[in-house]
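Every number in this text was worked out from the coordinates using simple rules, so none of it is lab data. Computed from a predicted model, the values in this text were never measured in an experiment. All Cβ positions, even for glycine, are placed from backbone atoms using ideal geometry, and neighbour counts span all protein chains on display.
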Ligand SMILES: Cc1cc2nc3c(=O)[nH]c(=O)nc-3n(C[C@H](O)[C@H](O)[C@H](O)COP(=O)(O)OP(=O)(O)OC[C@H]3O[C@@H](n4cnc5c(N)ncnc54)[C@H](O)[C@@H]3O)c2cc1C
């Protein structure tokens, strides 16, 4: 057993495995091998990303236009939540990716609440919801790769993404790809993993093993038995029905945001890719049956399919089951779990790939040089990512606890015992002051303070704060005027999402 870390072995060729391989191989001179089973397919869902994916791809040396062409990519500027508060037809709010105008200058929430409550908070403080409403792209034809006029992430085809990353990692970054099934694990005397026993390729030895085996969690969960911390008592969704639908016409608009529409026992995502929509109902099996969930999905497709798409045209949905939660530790001995093997909560706010990116980046930045250093790095990693998972859970729960919807799924979400203590405390504080940077003081928070404000005030929360000199209402008013000015300027200046994608596809 060598003390120096020279060879990293990644098990799993889904998005997590290839993203980890790409980030590590791009930044280190270590040997990187990725093994994936020809018999266990990648999960094949996961179509929404955060803006962080731009940095991740850039870090790996990917060309953005090659990525757009290969992976059926469209540009995503945030999410629109329909019907989450009351379910009324005019009940919606946006969580855009761009920071509000004047974010650092004034107490925007106070000024919005005092004088502009008839306008949705995000629509008043950011031009981005207006770009989304009008299907505009976040950049112009001439904007350089990965640069933005408005902050953006992507919608993509998960299957094509995996293949694209594989080609890049193997062809450009020298990652060794082994297509074989891992049958057993061999250990050193001290308990570290020494090698993977494969069906055809013999023993595969390594110094550090990255478990990207998806929900199987082969190394961390099955081999080491690191406990799974279920979050079913906090967030109830555990099933999804997913379909891919054609557009009603070739030139139908491509949404520039993920649409999330509340249902009686869950919610439906609607994602626009260049040649198709990806639509799925995520729901709680404790609150509805699979049949009812499928009926709700069909009703949604009928209502939104447009131009005569009958529900009988809807293909049979693919059913996915998952247990919301995460592992008690993510790095144990010489194994780090990244992706579904580390945990999964639910698709809301598309945080899973973002956590994969954060884990890969951490590992690349803090790669232990020797085995002796590894336990130190591991304990810091475990502390940081436990905090991140907890924050993701709090943030997702926020979307449910302020709803006024009345079915059991929603009232159960509001039950005090289901709300994590830290979120309860924060909600109490935010009754008298808005979320501030003090609440989220780590350097790399999963969700920035602005995101908490977008969702909190989008859901109709009231902060009863006595006016303060530091509120600077005149600066808040200037920021609201800036938003209106920027909206008027950008709407005619930006192409539609479809026009920008067509331009990129044309310029080979
Ligand atoms: C319904 C749903 C919607 C989602 N939506 C989003 C979203 O919008 N945004 C987002 O960020 N995330 C989303 N996710 C999560 C996202 O799909 C995953 O985080 C992402 O695809 C990464 O998966 P993975 O690579 O960890 O696992 P997988 O894709 O399952 O890959 C597992 C890999 O392990 C390999 N493997 C397994 N066993 C063995 C073995 N014995 N030997 C060798 N190889 C093995 C398999 O061959 C496969 O290559 C969603 C998830 C679900 C369930």
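So that you can scan it fast, the table gives a plain yes or no per residue for (1) buried (at least 19 other Cβ atoms within 10 Å of the Cβ); (2) touching a strand residue (DSSP E or B) at 6+ places or on another chain (Cβ under 8 Å):
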| site | (1), (2) |
| --- | --- |
| 92 | yes, yes |
| 103 | no, no |
| 107 | yes, no |
| 111 | yes, no |
| 114 | no, no |
| 117 | no, no |
| 125 | yes, no |
| 141 | no, no |
| 144 | no, no |
Notebook entry, point to check: Among the residues of the range 292-315, is there at least one that is within 11 Å of the ligand (Cβ to nearest atom) and farther than 16 Å from residue 245 by Cα?
Noted result: no
Next item on the list: Any chance you could count how many residues in the range 66-101 are over 18 Å from the mean Cα position of the chain (by Cα) and farther than 25 Å from residue 505 by Cα?
Entry: 14
Margin query: Can you confirm whether residue 23 is in contact with a strand residue (DSSP E or B) (Cβ under 7 Å, 6 or more places away or on another chain) and in contact (Cβ under 8 Å) with a residue 40 or more places away in the chain?
Written below: no
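Can you say whether residue 6 is touching a residue at least 40 places away in the same chain (Cβ under 8 Å) and either surrounded by 24 or more Cβ atoms within 10 Å (Cβ to Cβ) or in contact with a helix residue (DSSP H, G or I) (Cβ under 7 Å, 6 or more places away or on another chain) (or both), as far as the supplied structure shows? Spell out the reasoning first.
Values: touching a residue at least 40 places away in the same chain (Cβ under 8 Å): yes; either surrounded by 24 or more Cβ atoms within 10 Å (Cβ to Cβ) or in contact with a helix residue (DSSP H, G or I) (Cβ under 7 Å, 6 or more places away or on another chain) (or both): no.
The answer is no for residue 6.
Could you pull out the residue among 354, 372, 378 that is in contact (Cβ under 8 Å) with a residue 24 or more places away in the chain and near the ligand (Cβ under 10 Å from one of its atoms)? Lay out the reasoning, then the answer.
Working: 372 fails: near the ligand (Cβ under 10 Å from one of its atoms); 378 fails: near the ligand (Cβ under 10 Å from one of its atoms).
The match here is 354.
Every residue in the range 68-97 that is away from the ligand (no atom under 16 Å from the Cβ) and closer than 21 Å to residue 497 by Cβ, please. Reasoning before the result, please.
Of the range 68-97, the ones away from the ligand (no atom under 16 Å from the Cβ) are 68-70, 82-94, 96.
Of everything in the range 68-97, those that are away from the ligand (no atom under 16 Å from the Cβ) and closer than 21 Å to residue 497 by Cβ turn out to be 68, 69, 70, 82, 92, 93, 94, 96.
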Checklist line | the range 239-260, residues that are within 15 Å of the ligand (Cβ to nearest atom) and either touching a helix residue (DSSP H, G or I) at 6+ places or on another chain (Cβ under 6 Å) or farther than 12 Å from residue 347 by Cβ (or both) | finding: 241, 243, 244, 255, 257, 259
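Out of curiosity, is residue 344 within 13 Å of the ligand (Cβ to nearest atom) and surrounded by fewer than 21 Cβ atoms within 10 Å (Cβ to Cβ)? Please lay out each step first, then the result.
Details: within 13 Å of the ligand (Cβ to nearest atom): yes; surrounded by fewer than 21 Cβ atoms within 10 Å (Cβ to Cβ): no.
When the stated conditions are applied, residue 344 does not pass them.
Wholly within the range 420-506, which helices (runs of 4 or more DSSP H) include no fewer than the required count, namely at least 3 residues that are touching a residue at least 40 places away in the same chain (Cβ under 8 Å) and over 29 Å from residue 83 (Cβ atoms)? Please lay out each step first, then the result.
Details: elements: 421-429, 449-458, 473-493, 497-506.
Counting at least 3 such residues, we get 473-493, 497-506.
Of all residues in the range 2-25, how many are more than 10 Å from the ligand (Cβ to nearest atom) and outside any loop (DSSP other than H, G, I, E, B)? So that I can check it myself, show each step before the final result.
Residues of the range 2-25 more than 10 Å from the ligand (Cβ to nearest atom): 2-9, 21-25.
Okay, now just the ones that are also outside any loop (DSSP other than H, G, I, E, B), so 4, 7-9, 21-25.
Of the residues in that region, 9 qualify.
From the list 492, 467, 473, pick out the single residue that is loosely packed, with under 12 Cβ neighbours inside 10 Å and within 30 Å of residue 404 (Cβ to Cβ). Spell out how you get there, then give the answer.
On the way: 492 fails: within 30 Å of residue 404 (Cβ to Cβ); 473 fails: loosely packed, with under 12 Cβ neighbours inside 10 Å.
Only one candidate passes the filter, namely 467.
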Note to self: For the range 54-102, give me the residue count where each residue is out of contact with any helix residue (DSSP H, G or I) (no Cβ under 6 Å at 6 or more places or on another chain), within 22 Å of residue 122 (Cα to Cα) and in a loop (DSSP other than H, G, I, E, B).
What the structure shows: 10
Notebook entry, point to check: Restricting attention to the range 191-223, which residues are surrounded by fewer than 21 Cβ atoms within 10 Å (Cβ to Cβ), touching a residue at least 24 places away in the same chain (Cβ under 8 Å) and away from the ligand (no atom under 12 Å from the Cβ)?
Noted result: 191, 192, 194, 205
Notebook entry, point to check: Which condition does residue 411 not pass, out of (1) in contact with a strand residue (DSSP E or B) (Cβ under 7 Å, 6 or more places away or on another chain); (2) more than 30 Å from residue 24 (Cα to Cα); (3) part of a helix (DSSP H, G or I), if it passes all the others?
Noted result: (1)
Checklist line | Positions within the range 26-53 being part of a strand (DSSP E or B) and either free of Cβ contacts under 8 Å to residues at least 12 places away in the same chain or near the ligand (Cβ under 8 Å from one of its atoms) (or both), in sequence order | finding: 35, 36, 48
Next item on the list: Just one of (1) within 14 Å of the ligand (Cβ to nearest atom); (2) buried (at least 22 other Cβ atoms within 10 Å of the Cβ); (3) in a helix (DSSP H, G or I) trips up residue 399, so point out which.
Entry: (1)
